[in-house]
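Asks: Dropping the structure in here first, questions after.
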Amino acid sequence: MVITKIIIQNYKLIGRTEFNVEPDYNIFVGENDSGKSTLLEAIAILTTGKLNGFNFDRQLKANLFNKAVRDEYRSAVWKKRVIAPPEIVLEAYCSSEYNPVEHATYIGTNNSLREDCPGIRVSVAFDSVYEQTLKDLLDKGKVFDIPVEFYKVDFNYFSGQPVAGFRNCPIKAVFIDTTRKDYSNMVDRFVSESITSYLSQEEQTNLSTAYRKNRNDFHSNDIVKKLNEDVGAQEHVSGRVLRIDLKEEGIDEWKRQMSVIVDDTPFENVGFGSQNTIKVELAIKNSQEQVNVVLMEEPENNLSYTNMAKLIARILKSSGKQIFISTHSSYVANKLSLKKLLLVRNGEVSPFTALPEGTIKYFQKLPGYDTLRLVLAEKVILVEGPTDELILQRAYIDEHSTEKEIKLPQDDGIDIITVNSLAFKRYCDIAAVIKKPITIVTDNDGSLENIRKKYKGYIENKELFTFLYETDEALPTIEPSVLAVNTTDGAPTVAFKAAISKNGSMKNKSREEILSFMSANKTEWAIRVFESDQKIKYPKYIKEAVQ
């Protein structure tokens, strides 16, 4: 079965959210503390019954509840107003393509939407058995928070039948958190499956016997014997003799004492990035019939660009698995397809399914574009190159700084993103899907008509898109445009010459020589202006952008 829709209510950052998911991979993106990890946790609870690797029903705390409902309950208790204790609900709706006989255990309408389909529902709710106990405590003023000690956790299929252990559940998941260094479960599983796959039962028995013999050799070793003679002679507790030996272990303990060696290096000693790569590879590779849902927290963590590219290629080749990823990496988002993005803001989830196919393919082929900066930024200005970015930054400083404080665009939540002008329309497509107003600062390239044609369909949408450019066609790029406003009587001003000079190099240059220098050294002249003590003048379209 494949998950098609998820509902989360009152869990941590999430008040209530309902969203559809793709059958192959789904990419959660958002700022820090937006709810990405919370979503993965909720899916992990639904598919494994665990939170952070431990049984969820053993970890009930009041802080698992959404802050708004928790505050509401605490306020009601404080004011001696009776309200029902809040409930956490998690639901995974599964594909309607199922065998009614084979999947009868999982099918029903025991869900929030009363849909007749397979699925799993987790509820964290007050146990009515304790109703009188809670009433007595409330009457005595002894309840101060959500009374989780009187709660119960129910795992049920949509049929209403309880989930009797996740080993028999048709959805089998693994959670890979690359931000942590706990890989024991993944490595142990690989070792155990390798032993089962490649060794006969007789060979496994022989290995177990050899392991026990080594343990026996240890405590019969002369040094260990001497140690215990000394301990026995000196250390007594309640008149009883003490000795030291290896712990008694279960019959299969020898399997857990084995580890993975990577190119002659123990797994735990290889780099964190390599551990992440191996961990993800093992999860994707792991028995197709055993694991069909993979949850990944920031797969790019501690990976070089090359290794990240290899990892994403491996994910793209995987089949038969539904993958949920949280990421801050534009490369991951672009390469796996922006259409698979789920934007997370304050616990709300918004899909990107309306993104044009051409834009999706564009960023898949050119995944280096920083698309997530656009998605996550508070305000955005798109520019063609580093020259425009530097001049805009300096213009912003000159416009908004005071004697006491230097103001950069980012201080006011404005992100200036450098992109190739060919990508402007692609970024506009993304902005249109998420309804984010953006400003595009571009050269006119000598033709205002070409700008109108090039951005037809976008330039008319003034609610979302502000296009700013030089209106004088004789000034096709930023260099002649900036020089023009800093020229008086046919000669560049003294202040401008000083701003773009290095050790007075431009002091005696003509206007033509300065323009030639600026055109041939685009980034250099912009850096000099940015770092200069001198203020210059800016073209109207630049001033409009920073205002």
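The values are calculated or read from the model by the stated rules, or taken from the named source; none is laboratory data. Note that the structure is a prediction, hence the values are computed from the model and not measured. Backbone-built Cβ (ideal geometry, glycine too); neighbour counts: all protein chains shown. What goes into the accessible areas is simple: the full protein's heavy atoms, side chains included, and nothing from ligands, DNA or RNA. Shrake-Rupley method; radii C 1.70, N 1.55, O 1.52, S 1.80 Å.
Okay, residues lined up against (1) open to solvent by 70 Å² or more (accessible area, probe 1.4 Å); (2) basic (Lys, Arg):
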position	(1), (2)
SER37	no, no
ALA42	no, no
LYS67	yes, yes
THR109	no, no
GLY119	no, no
GLU131	yes, no
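Asks: Pick from ASP57, ASP71: which is without any contact (Cβ under 8 Å) to a residue 60 or more places away in the chain and not aliphatic (A, V, I, L, M)?
Replies: Matching residue, one of ASP57, ASP71: ASP71.
Asks: Something else: Quick check, is LYS36 of a type outside the set (Asp, Glu) and modelled with pLDDT of 90 or more?
Replies: no
Asks: Go through the residues of segment 395-417 one by one and say whether even a single one is among the hydrophobic types (A, V, I, L, M, F, W, C), open to solvent by 70 Å² or more (accessible area, probe 1.4 Å), assigned to a loop (DSSP other than H, G, I, E, B) and without any contact (Cβ under 8 Å) to a residue 24 or more places away in the chain.
Replies: Looking for residues that are among the hydrophobic types (A, V, I, L, M, F, W, C), open to solvent by 70 Å² or more (accessible area, probe 1.4 Å), assigned to a loop (DSSP other than H, G, I, E, B) and without any contact (Cβ under 8 Å) to a residue 24 or more places away in the chain, one finds at least one in segment 395-417, hence yes.
Asks: Failed condition for VAL101, given (1) farther than 30 Å from LYS67 by Cβ; (2) among the aliphatic types (A, V, I, L, M); (3) touching a residue at least 24 places away in the same chain (Cβ under 8 Å), with all others met?
Replies: In the conditions (1) farther than 30 Å from LYS67 by Cβ; (2) among the aliphatic types (A, V, I, L, M); (3) touching a residue at least 24 places away in the same chain (Cβ under 8 Å), VAL101 misses (3) alone.
Asks: Determine, yes or no, whether LEU138 is modelled with pLDDT of 95 or more and of a type in the set (A, V, I, L, M, F, W, C).
Replies: When the stated conditions are applied, LEU138 does not pass them.
Asks: Return the residues of segment 418-433 that are open to solvent by less than 40 Å² (accessible area, probe 1.4 Å) and in contact with an Asp or Glu (Cβ under 6 Å, 6 or more places away or on another chain); say none if nothing qualifies.
Replies: Once the filter is applied, which keeps residues that are open to solvent by less than 40 Å² (accessible area, probe 1.4 Å) and in contact with an Asp or Glu (Cβ under 6 Å, 6 or more places away or on another chain), segment 418-433 yields only SER421.
Asks: Of the residues in segment 418-427, how many are assigned to a helix (DSSP H, G or I) and either over 23 Å from the mean Cα position of the chain (by Cα) or more than 18 Å from ILE360 (Cβ to Cβ) (or both)?
Replies: Count: 5.
Asks: Can you confirm whether segment 150-159 contains a residue that is out of contact with any Phe, Trp or Tyr (no Cβ under 7 Å at 6 or more places or on another chain), open to solvent by 50 Å² or more (accessible area, probe 1.4 Å) and polar (S, T, N, Q)?
Replies: Looking through segment 150-159, none of the residues is out of contact with any Phe, Trp or Tyr (no Cβ under 7 Å at 6 or more places or on another chain), open to solvent by 50 Å² or more (accessible area, probe 1.4 Å) and polar (S, T, N, Q).
Asks: Given the conditions (1) free of Cβ contacts under 8 Å to residues at least 40 places away in the same chain; (2) under 24 Å from ASP370 (Cα atoms), report the number of the one that THR442 does not fulfil.
Replies: That leaves (1) as the condition not met.
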